[in-house]
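To start, the structure itself, in structure tokens.
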Amino acid sequence: MVKALNPPIRRKSKLPKIVVGAVTRRFSIRIPVKMLEEVNELLARDGKNGHQKGKWISQAIEHLYYDEDYVELIKEEWLERKNNVPLQVTLTKEAEEILIKIVDRLKEECSGRKDILSATIRVAITAALIRCGVL
């Protein structure tokens, strides 16, 4: 007697789906506590809330790409091991595309570095804080 096999049961996952080409994407980076405090103070001074932090960082990434010599800045960036906190950043689609371009270019030039994405975002934040006169 031959027994017919049923196709596998597909269970619905409770995890959210990642949509390619979505409007925003979330990144997790490590950032110095003092830098985070300065960003929060700047946003509060401009009358913006914490939810607009992602838009501000997205604009900082765009300015870094178009206005700065970002390759050398990112190569020289370093992070101390103490007094850092994780930060979830939600970027716009344009900023994400620019970030991918920057990371792809830097992977060729900085092959030994593992934190290119985080370093790029930190350099963009630092450059934006300098432009705003905070640093």
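The values are calculated or read from the model by the stated rules, or taken from the named source; none is laboratory data. Because the structure is predicted, anything quoted here is derived from the model rather than measured. Heads up, the Cβs are rebuilt from the backbone with ideal geometry, glycines too, and the neighbour counts pull from every protein chain shown. For accessibility, only protein heavy atoms count, side chains too; no ligands or nucleic acids. Shrake-Rupley method; radii C 1.70, N 1.55, O 1.52, S 1.80 Å.
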Of the accessible area of segment 28-132, computed with a 1.4 Å probe and all protein chains kept, carbon and sulfur make up a percent value of 48
Per the rule of 0.36 nm per residue minus the C-alpha distance, extending S111 to R45 adds in nm 19.8 nm
Could you give the size of the charge dipole of segment 28-132 about its Cα centre, using +1 on the Cβ of each K and R and -1 on the Cβ of each D and E, expressed in debye and rounded to the nearest 20?
460
How much accessible area per residue does segment 60-133 have, counting only protein heavy atoms and a probe of 1.4 Å, in square angstrom?
59
In nanometres, the difference between 0.36 nm per residue of separation and the alpha-carbon distance of Q59 and R131 is 24.7 nm
Rough spin-label spacing in nm, given labels placed 7 Å along Cα→Cβ, for L79 and V33
1.7
Would you work out which of Q59, A119, N83 lies farthest towards the positive end of the dipole of segment 28-132? Charges go on Cβ: Lys and Arg +1, Asp and Glu -1.
N83
For the table K53/K101; K53/K93; K75/K101; K82/K114; K53/K107; K34/K55, the rows whose alpha-carbon distance is greater than 24 Å are K53/K107
